[in-house]
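Just below is one structure, and these are the notes that go with it.
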Amino acid sequence: MSLPFAVCLLFFLVTPAGIQPLQRSSVAVRQQVIGVLEAQLTAFRDGDYERAYSFAASSLQQQFTVAAFERMVKEGYPIIAYWRAVSFGEVQDNGREAVVQISVQGRGRRTRFFRYLLIREASAWRISGVEEINPSPAAQGQLA
């Protein structure tokens with residue numbers, strides 16, 4: 001598990017009592033969250049890591065330079081760096097945090113599944129972590 005994701009996961013598991021649980025997102029929030037993910041994925045595919053970095057949460061930007069971010073993505077998540085197709089599952093949020101599962105098809109047509117964590121910073125959603133997952137067959141069908 002990557003350090004940024006572990007920190008984000010800890011944040012989600014140990015939240016103050018005032019933070020609401022995640023619920024199915026409204027259409028508007030779903031569009032915003034997916035828009036951020038699509039923009040970052042497109043930047044990866046275009047090799048524009050400065051642009052991709054701009055969608056990362058400030059906490060990640062404090063931990064990584066653009067060059068280190070690019071290296072982390074290419075070495076740790078090559079299927080995301082060089083993706084061919086992507087599908088988005090249900091988006092859940094609580095107004096401050098959001099979670100979405102996606103399926104990513106790589107160059108060799110292999111499909112892998114990821115959970116993206118996002119945080120609301122000012123008026124925009126920013127990506128705070130990603131984790132590869134092994135969803136159930138039923139969940140895989142929802143992402144296809």
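The values are calculated or read from the model by the stated rules, or taken from the named source; none is laboratory data. Note that the coordinates shown come from a computational prediction; the quantities given were computed from them, not determined experimentally. Every residue, glycine among them, receives a Cβ derived from its backbone with ideal geometry; neighbour counts consider all protein chains shown.
Looking only at the stretch 13-41, which residues are surrounded by 11 or more Cβ atoms within 10 Å (Cβ to Cβ) and at pLDDT below 50? Answer for the stretch 13-41, where residues must be surrounded by 11 or more Cβ atoms within 10 Å (Cβ to Cβ) and at pLDDT below 50: just T15. Filtering I119, I79, I102 for residues that are outside any strand (DSSP E or B) and either among the charged types (D, E, K, R) or crowded, with 16+ Cβ neighbours inside 10 Å (or both) leaves a single hit, I79. Each residue in the stretch 45-63 was checked for being in contact with a Lys or Arg (Cβ under 9 Å, 6 or more places away or on another chain), closer than 23 Å to G106 by Cβ and not in a helix (DSSP H, G or I), and 2 pass.
This table checks each residue for (1) within 20 Å of F113 (Cβ to Cβ); (2) touching a Phe, Trp or Tyr at 6+ places or on another chain (Cβ under 7 Å); (3) touching a residue at least 60 places away in the same chain (Cβ under 8 Å); (4) not in a strand (DSSP E or B).
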| position | (1), (2), (3), (4) |
| --- | --- |
| A39 | no, yes, no, yes |
| A68 | no, no, no, yes |
| R71 | no, no, no, yes |
| K74 | yes, no, no, yes |
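In this structure, R109 does not satisfy being of a type outside the set (V, I, T), at negative phi and more than 12 Å from the chain's Cα centre (by Cα).
Among the residues of the stretch 44-67, those that are among the hydrophobic types (A, V, I, L, M, F, W, C) and surrounded by 14 or more Cβ atoms within 10 Å (Cβ to Cβ) comprise F44, A52, F55, A56, A57, L60, F64, V66.
Take the conditions (1) farther than 24 Å from A28 by Cα; (2) among the aliphatic types (A, V, I, L, M); (3) at pLDDT below 95; I80 misses just one of them, which is (3). When the stretch 105-133 is filtered for residues that are within 17 Å of I79 (Cα to Cα), in contact (Cβ under 8 Å) with a residue 40 or more places away in the chain and aliphatic (A, V, I, L, M), only V130 remains.
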